[in-house]
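The structure appears right after this line, and notes come after that.
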Amino acid sequence: MAISRFKALDLAQNRPIAHVKIPDQKISEYYGCNTFNDDVMKSLLSPEAYKKISDAILSGSKIDRDASDEVAAAMKSWAVSKGATHYTHWFQPLTGSTAEKHDAFFDIDYKTGKAIEKFKGSAFLVQQEPDASSFPSGGIRSTFEARGYTAWDPSSPAFIMENLGGTATLCIPSVFVSYTSEALDYKTPLLKAIAQVDKAATAVMKDYFDRDVKRVIATLGPEQEYFVIDEALFNARPDLMMAGRTVFGHAPAKGQQLEDHYFGSIPPRVNAFMVDFEIEAQKLGIPARTRHNEVAPAQFEVAPTFEELNLACDHNQLLIDLMGKVAAKHKLKVLFHEKPFAGINGSGKHNNWSLGTDTGINLLGPSSKPKENLRFLTFFVNVVKAVADNADLLRASIATPGNEHRLGANEAPPAIMSVFVGNTMNRVLTEFEKNKEITLEKGDNVYMKLGVNKIPPLILDNTDRNRTSPFAFTGNKFEFRAVGSSANCAHPMTVLNTMVANQLFTFKEDVDKLIAGGQKKELAITEGITGLYLISKIIFEGNNYSEEWVKEAAKRKLSNIKDTPSALAIFLKKENVALFEKLGIFNEKELHARVEIEWENYVKKVQIESRVLGDLAINHIVSTALKYQTRLVDNVRGQKEIKIPATLYKPTMDTIKKISEYTGKIQTLVEQMTEARKKANTIEDSHKRALAYNQKVKSFFDPIRYCIDKLELIVDDDEWPMPKYREILMIR
């Protein structure tokens, strides 16, 4: 329930800094202590069962019933020793958040009525059957077909979630599928995409560069941006409570223009919160290492060390949940919406992605050795080519209601997908394309005139980090900066890995044909790379925020898809459906279902924002403004009665007129917005309904906001009903 502005301000300004209990041990001693990790499995499982689990993690092989029962017994024993009383399959449905249903570690013997311990592998660890009827399915099944299955993902360690009140729950990372086996989550397609990029990249490595490579691992380091505000101020803003963002609010005199918040001293209360959630994260094996102030006031960032992609996605979702729980202890609220406040930076989730081998080679890491750089260029150019050919699909992967507010704003990458490679790599690629002559010398090293052997050994130091690029090479990885703060990393990473896997398969087919035709391997690889260098249209080294780039991108025929419904429709293009079906990531039914879910989600999010805006505009702002106007009218009437010259109270009369103008406009616009919403709701087609909400309903947001923000500057500060930006953002 919302509380009054001044009570909220009083609470926020008088919060003590919460005490944080710092562990007695070093981080290395308690790191991962709440995870059923490799060391725990080694100590509790028989060698045979441990090997089966390890093989399942590495190769995806099936775990037999005996082994799963042994793992379940060990896992239950370990969890109970940690204080766990319940267990849950922890999964990621298409709601955008995680899901869990807690079951106790016991059952009742129906014969004796006594409680008995119960947690068997085949029955409880490996698979469960939650009610799937209320989760989004996009028409993939009828409502009465409620059955869905969660299945254990052994590649992501089970963990103990310590709850408030001293209880704990064993959480088992799981996939979630329908009764008819279609994926109903984010994890299932991600695992498939990871397997495909592993297969494609490993084939290239084994046949062309290193036969000892058995596996290629996709890695991820997601930098998470977020806002932190006081809990009371959050509760005093119904728009933040229900929509996750403010639907109005005049910019404060001091925002981020001085750039003094960026990397500044972390406010003590926020620092205590950060220390607290980092300790809990480290217990869960989440490698949170970096914390700092971001550019906008009240905005911060946490960044982890790189991990295997599936685990990194799980950890990011877990971190978001954990931060919210820890924030409550500190009477704070964490905002993950991409654009909670107008006029200042929004929040992203920078996905730092790379590929590495099981032998320890970063395939996107340049080297001073020519042959190693041929390997580097092979993977580097193929990734850029994958983006060049599938730029719209990459754009679709980040299309969400929240990110629509952020993309193209003055602090975020635009909706135009492009790749930044840096001056050094741009020069190398240009020279490489110009000069295709190669001489083979001792040891099969490949030397190219002005080519590979000229790449500086420390490209990392020669590559600028372009903060305006949506997809940038940053020395030894690519940074997908356009992902929204609240997004599940698994979705854009599923798309990226699918694109790259497909490109690598195609590249290998082409090179194999050249080799079969009699060309030497190195020459064939080089010709394959130069044949791919039709990627210049996607590479842009300048300021992506500029109007010049928008014009230049149009000349290059690069898409600038600004609205979410249109971006999502890209998934349903024939060539994209064929791509996902070809690699077994999604079938056509699953893909259509997901897009239907996203369109429906878009409608609901905009609908909620519209209702919140209309309610606050009429019941809070207009009513307050009219009360203040009445006071001004009484003031003018009094001045008239005592014969004050009209010229002296003319400014007050002008203010009265402005209030009438703005309140009248608000009332008219809210009525029109409501009618537009009603009309949109009658549209049966999901895509058309989503477009109607975007073009007809959402179009009223800014005009209504403009009037409200003007009134905020007019109405007596003591009368304004909700916390202002200067209060929300500046009070720590």
- Inspect the range 625-646 for any residue being more than 30 Å from H261 (Cα to Cα), out of contact with any Leu (no Cβ under 7 Å at 6 or more places or on another chain), in contact (Cβ under 8 Å) with a residue 60 or more places away in the chain and open to solvent by less than 70 Å² (accessible area, probe 1.4 Å) and give the result as yes or no. yes
- Message: Suppose we filter the range 69-96 for residues that are touching a helix residue (DSSP H, G or I) at 6+ places or on another chain (Cβ under 8 Å), of a type in the set (S, T, N, Q) and in contact (Cβ under 8 Å) with a residue 60 or more places away in the chain; how many remain?
- Response: 1
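Could you count how many residues in the range 34-46 are more than 33 Å from the chain's Cα centre (by Cα) and assigned to a helix (DSSP H, G or I)?
As a first pass, look at the range 34-46 and keep what is more than 33 Å from the chain's Cα centre (by Cα): 42-46.
From the residues that got through so far, the ones that are assigned to a helix (DSSP H, G or I) too are 42-44.
Going through the range 34-46 one residue at a time, the tally reaches 3.
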- Query: Is it true that T150 is touching a residue at least 60 places away in the same chain (Cβ under 8 Å), β-branched (V, I, T), under 30 Å from E522 (Cβ atoms) and open to solvent by less than 40 Å² (accessible area, probe 1.4 Å)?
  - Reply: no
- Query: Which one of T682, T652 is open to solvent by 60 Å² or more (accessible area, probe 1.4 Å) and without any contact (Cβ under 8 Å) to a residue 24 or more places away in the chain?
  - Reply: T682
- Task: Exactly one condition in (1) open to solvent by 10 Å² or more (accessible area, probe 1.4 Å); (2) in contact (Cβ under 8 Å) with a residue 24 or more places away in the chain is not met by E372; state its number.
- Result: (2)
- Note on the structure: Being open to solvent by 60 Å² or more (accessible area, probe 1.4 Å), more than 22 Å from K199 (Cβ to Cβ) and either in contact with a strand residue (DSSP E or B) (Cβ under 7 Å, 6 or more places away or on another chain) or not in a helix (DSSP H, G or I) (or both) narrows K537, K562 down to just K562
- Message: Against the condition in a helix (DSSP H, G or I) and either in contact with a Phe, Trp or Tyr (Cβ under 6 Å, 6 or more places away or on another chain) or open to solvent by less than 40 Å² (accessible area, probe 1.4 Å) (or both), how does L233 come out, does it pass?
- Response: yes
- Note on the structure: Within the range 574-610, residues being touching a residue at least 40 places away in the same chain (Cβ under 8 Å) and of a type in the set (D, E, K, R) number 9
- Task: Scan the range 178-200 residue by residue and report those that are in contact with a helix residue (DSSP H, G or I) (Cβ under 8 Å, 6 or more places away or on another chain), of a type in the set (A, V, I, L, M) and open to solvent by less than 10 Å² (accessible area, probe 1.4 Å).
- Result: A183, L190, A193, V197, A200
- Item | Matching residues in the range 254-271 - criterion: being at pLDDT 90 or above and either of a type in the set (D, E) or open to solvent by less than 10 Å² (accessible area, probe 1.4 Å) (or both) | V270
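Could you pull out the residue among E527, E541, E547, E552 that is modelled with pLDDT of 90 or more and acidic (D, E)? Spell out how you get there, then give the answer.
On the way: E527 fails: modelled with pLDDT of 90 or more; E541 fails: modelled with pLDDT of 90 or more; E547 fails: modelled with pLDDT of 90 or more.
Step by step, each of E527, E541, E547, E552 is checked, and only E552 is modelled with pLDDT of 90 or more and acidic (D, E).
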- Query: Which one of the conditions (1) closer than 26 Å to K557 by Cα; (2) open to solvent by 10 Å² or more (accessible area, probe 1.4 Å) does N403 fail to meet, given that it meets all the rest?
  - Reply: (2)
- Would you check which residues across the range 547-558 are open to solvent by less than 40 Å² (accessible area, probe 1.4 Å) and either closer than 13 Å to N390 by Cβ or assigned to a loop (DSSP other than H, G, I, E, B) (or both) and list them? L558
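Every residue, every condition in (1) assigned to a strand (DSSP E or B); (2) under 30 Å from G255 (Cβ atoms); (3) not aliphatic (A, V, I, L, M), yes or no:
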residue	(1), (2), (3)
V270	no, yes, no
F273	no, yes, yes
E278	no, yes, yes
Q282	no, no, yes
R291	yes, yes, yes
E301	yes, yes, yes
N310	no, no, yes
C313	no, no, yes
N316	no, yes, yes
- Message: When you check L729 against the structure, is it in contact (Cβ under 8 Å) with a residue 60 or more places away in the chain, open to solvent by 10 Å² or more (accessible area, probe 1.4 Å) and not charged (D, E, K, R), yes or no?
- Response: no
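Per-residue answers, yes or no, for (1) modelled with pLDDT under 90; (2) part of a loop (DSSP other than H, G, I, E, B); (3) loosely packed, with under 15 Cβ neighbours inside 10 Å; (4) of a type in the set (V, I, T):
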| site | (1), (2), (3), (4) |
| --- | --- |
| A2 | yes, yes, no, no |
| V20 | no, yes, no, yes |
| G32 | no, yes, no, no |
| E48 | yes, no, yes, no |
| K51 | yes, no, yes, no |
| I63 | yes, yes, no, yes |
| S68 | yes, no, no, no |
| A74 | yes, no, no, no |
| W78 | no, no, no, no |
- Item | Test set (1) at pLDDT below 80; (2) within 24 Å of Y50 (Cβ to Cβ); (3) surrounded by 14 or more Cβ atoms within 10 Å (Cβ to Cβ) - S174 fails condition number | (1)
- Message: I'd like to check which helices (runs of 4 or more DSSP H) are fully inside the range 568-671 and have at least 2 residues that are aromatic (F, W, Y) and out of contact with any strand residue (DSSP E or B) (no Cβ under 6 Å at 6 or more places or on another chain).
- Response: 588-616
- Message: I'd like to know if the range 668-678 contains one or more residues that are open to solvent by less than 30 Å² (accessible area, probe 1.4 Å), within 35 Å of the chain's Cα centre (by Cα) and farther than 25 Å from D239 by Cα.
- Response: no
- Look through the range 343-367, keep the residues that are under 30 Å from V228 (Cα atoms), in a loop (DSSP other than H, G, I, E, B) and among the polar types (S, T, N, Q), and return whichever of them is farthest from the chain's Cα centre (by Cα). N345
- Task: Using the structure shown, decide if I621 is buried (at least 19 other Cβ atoms within 10 Å of the Cβ), β-branched (V, I, T) and under 22 Å from R5 (Cα atoms).
- Result: yes
- Item | Residue count, the range 1-47 (criterion: of a type in the set (S, T, N, Q) and touching a residue at least 40 places away in the same chain (Cβ under 8 Å)) | 5
- Residue under evaluation G324, criteria (1) free of Cβ contacts under 8 Å to residues at least 60 places away in the same chain; (2) touching a Ser or Thr at 6+ places or on another chain (Cβ under 7 Å), criterion not met: (2)
- Message: Would you confirm whether or not the range 53-64 contains a residue that is on the phi > 0 side of the Ramachandran plot, touching a Gly at 6+ places or on another chain (Cβ under 6 Å) and not polar (S, T, N, Q)?
- Response: no
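The values are calculated or read from the model by the stated rules, or taken from the named source; none is laboratory data. Owing to the predicted nature of the structure, the values given are computational and were not obtained by experimental measurement. Positions of Cβ are generated from backbone atoms using ideal geometry, with glycine treated the same way; all protein chains shown enter the neighbour counts. Note: areas computed on protein heavy atoms with side chains; ligands, DNA, RNA excluded. Shrake-Rupley method; radii C 1.70, N 1.55, O 1.52, S 1.80 Å.
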